[in-house]
1. Would you point out which residue out of B:LEU128, B:LEU179 is in contact with a helix residue (DSSP H, G or I) (Cβ under 8 Å, 6 or more places away or on another chain), within 12 Å of chain C (Cβ to nearest Cβ), surrounded by 13 or more Cβ atoms within 10 Å (Cβ to Cβ) and in a helix (DSSP H, G or I)?
2. Between B:LEU269, B:LEU247, which is assigned to a helix (DSSP H, G or I), facing chain C (nearest Cβ under 9 Å) and under 27 Å from C:THR155 (Cα atoms)?
3. Quick one: in the range C:212-236, of everything that is at the interface with chain A (Cβ under 8 Å from one of its Cβ atoms) and charged (D, E, K, R), which residue is surrounded by the fewest Cβ atoms within 10 Å (Cβ to Cβ)?
4. What pairs come out if I take residues in the range C:207-229 that are over 22 Å from A:LEU171 (Cβ atoms) and pair them with residues that are among the aromatic types (Phe, Trp, Tyr) whose C-beta lies under 6 Å away, six or more apart or interchain?
5. Given (1) more than 14 Å from chain B (Cβ to nearest Cβ); (2) without any contact (Cβ under 8 Å) to a residue 24 or more places away in the chain; (3) part of a helix (DSSP H, G or I), identify the lone condition not met by C:ARG172.
6. Mind listing whichever residues of the range C:238-275 are farther than 30 Å from C:VAL319 by Cβ, under 10 Å from the mean Cα position of the chain (by Cα) and of a type in the set (Phe, Trp, Tyr)?
7. Which one is surrounded by the most Cβ atoms within 10 Å (Cβ to Cβ) among residues in the range B:280-296 that are more than 7 Å from chain C (Cβ to nearest Cβ), out of contact with any Leu (no Cβ under 9 Å at 6 or more places or on another chain) and in a helix (DSSP H, G or I)?
8. Might you check whether a residue that is out of contact with any Leu (no Cβ under 7 Å at 6 or more places or on another chain), touching a residue at least 60 places away in the same chain (Cβ under 8 Å) and of a type in the set (Phe, Trp, Tyr) occurs anywhere in the range B:261-268?
Amino acid sequence: MSDAEVMLSVSGVSKHFGGVIANENISLSVRKGEIVGLIGPNGSGKSTLFGSICGYHPIDKGSIKYRGRETKKMRTAEIARLGMVRTFQQTHVYDEMDCVRNMLISRPVRSSSVRSLLHRPNPDDLGRAEELLEFVGLASKRHLLAGSLSFGQQKLLEFAMALMNEPEVLLLDEPTAGINPTLINGLIDRLKQANERFGVTLFVIEHNMRVMMNLANEIHVLAAGRLIASGQPKDIQNDPRVIEAYLGGH
Amino acid sequence: MDKIYANIELLTSFAPTINLELIANGLLVGAIFGLIAYGMALVWGVMNIINVAQGAFVILGGYMAFFFIETMTGILPDAPHILWIVLSMAVAAVGMGLFAMIVFRLVVDKVLERDLFVSLLATFGIELVMQQGMNIMFTAEERVIDAQLQTFSFMQNMVNIPGSRALGAVLGIAAAVLLVVLVRYSRFGRAMRATSQNARAARIMGIDTRRVYEMTYALNGAICGVAGSIVAFVFILHPFQGLIYTLRSFVIVILAGVGNIAGVIFAALSLGVYENYSGFVLGPEFQNGMVFIIVPIALLVRAAIMRRKRQYLK
Amino acid sequence: MVKTTAVQWLVAAIALGVFFAAPWFLPHNMTQLVDVMVFILIALSWDMLGGQMGYNSFGNILFFGVGMYLLASIQVWAGGFTLAVYNAAEGGDLASFTVDTPTFVASLVVGLLVVAVLNFFLGLLVGSQLLKMRGHYFAIGTLGLGVAAGEFASTMDILGAGSGMNFVQPPRTLELAPLLYFIGLATVVVFFILLRWLYSTRFGFVMNAIRDNEDKAEAMGLPTAQVKAFAWAIAAFFAAIAGGIYGSSKNFIDPTEVAFSGTTIGVWMLLMTLIGGKGTIWGPIIGAVVFQLFKEFFWTFLFGWQRVALGLLIVIIVVFFPGGVMGGFDNLRRKLGIGKSTAEART
């Protein structure tokens, strides 16, 4: 594993909003084929880090490299076109379109030119879309408007849409939050499949410890904006600093 | 172009006192527009509605004041004119407040939580109806109230300030101060602010948001009434004059930034001075254009500032 | 995606037939018919941005006016005159600026094309800046720009300043109105086919995605900025042609009331699309026709009260019929259980 290509390299990244320090001097890397986890108590800056990585806001200090290429000055769309895509805690789908259309519009975009858009949708896309909807278990709902789905179903749709985009690295922000507990195992399975079968490198924020331990090869722990621990899941579980961060006073 | 250079030279070397007059008049006029803009900003901020009928409200308020004064001077010709002018403000305020309430119940209420454009069209429709309605009722004759005030001259007649304008500004500022106090310290003011920030949360806290909307719109009507009564003796009343006030207050609210109520006064005064200078240096035919071009420029500047943070004007 | 069924082709053919035959049935209403074509063009171009892409825009006013002035100027130049001299002439003197029929027609047709292309690039230029703003602020910015353009146009003596500018008088033997009508109709047909195609491509898809959730579209790598600019440029192209035809038909350009008018064309654009139904391809067409009918009715039979009537119409439509005619069809179809609604049909 350790000789796999470094897909994402975060070095010394700091970000503050007004007077609040959201991320301070964070450094970590994600290698190809891995499933890396990011955990930490509420407000520790996990989502902010994702936002910084994907270009949602500029960072104050540090560097972010995707496959060796500096991305801190790039906009979200450009970064997505390179192959790094993210999902959100609050689902973002196209409410007024049905699931199939949501999928079709999420096909990979490698060029920013208008000309590449001036032709009819590719019929192969439809097959792929249906396959992915099947994969996440939304096949029966595919003609419903995305806005009419339940929160958990929207999360699944968002996950399917992300896969449709054929990312190389997928950042998932709390993928199991809001999902019916009985379905979580199924989702964990699918995440693993996405990683093994589709070759997608995963970087996951999770609150559910069981899910995290089950999924991740490596875990990083944030607390109050700082990286306090990194390592294998079983080591992190027993790390006193981590336990302190979660149970210690706020 | 030579004319423009000549005008600039006039301002900088030959007759610098003209600057005083331009600034003073600009501030006075700006104060009056600021009052109208304040009302528009309230409605926009609280209800997310751009009241295109704002100018028509002002003019109608002006007519109310006009006819009140006409009637009263007919009944009691010896009473001081100033008394009627001040009273007319109250009459117009109440009258337009009620009118606005009716308009709200008939139309605005029904387009409240919809697209901004829907409400834009709706209030535009109201403006059209009012415009021609007033034309039919009051005819196209221009009406003015003679405040019977002198013009104040300073600096050997280089700086001339019409007394009516000064009075108008003073009354306008007084009304604005009253408003600001009301919005900041009253319970209604707090309800307004809560609703403008997050209507759903306000409802959960027990605020009757529909009533807040109604009262805000009515308050705006009252503001327009007061402004109208001022317009009646500072400018002129004519059924089709309304749009000018609407557009000016629109520009002012954009300049200040929607939601920035305090900034409205400052933006209004600045615009008044800016407009005066534009008219003087470039010529009066450029005045309107210079005012409107501010809109895309101000928005672009603000958008550019936000883009550095990768945010968007919402 | 818009699937083209046999019924829809039939409807389109019938509509085309009706429009084609109209001049023979209503020979005395030629200027109104020209107006209808202009309205259809401008409503379709507005709907592209507002209905399909979610960017309500007043920007079309800018291109409408620029197209108008530019076409008039081209026709003046084609006659070998200079603008300065032409616009300095007054009243009866204008009759001395005449051109022969071939020159007139050629300058009209070629002029419209030139105007359209120039405005396409103007749209790209202006759009690249203004489209950095989202939603309502974009609309407001474009309104300010459009109205300011009118005010500045009225300061320029070379364009006739506040008193406006006249189009070159058409030669006596030429019937201008039918010519304009058929040029307009041809443009409408081209625009309709273009839009039909465009909305069926991925480009149309992206437009809808921008409308539904622009942030998400960007997050998935879609080139939203480029799509927005291109869409606006297309809208500018056709808005400019509409302006040219309208001005030519009225023969007289008033800078703030006719060319760059927020309160007439600007509002009517929105109203027409609303009447017909936003975000559908037939909506703006139906809306334009219905609006024209109402307008003629009000101005002819309710003169003196026509603005009151128009204002009331606006309020009634906005409050009670926000889905417009196409929305009404939707409801009817749903009640009768026939076919798909236009919302589904857009899938």
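The values are calculated or read from the model by the stated rules, or taken from the named source; none is laboratory data. Computed from a predicted structure; not experimentally measured. In this analysis, Cβ positions are derived from the backbone assuming ideal geometry, glycine residues included, and neighbour counts consider all displayed protein chains.
1. B:LEU128
2. The match here is B:LEU247.
3. For the range C:212-236, the residue satisfying everything is C:ASP215.
4. Short answer, once both residue conditions are applied: C:ASP212/A:TYR94.
5. (3)
6. C:PHE238
7. Selected residue: B:GLN287.
8. no
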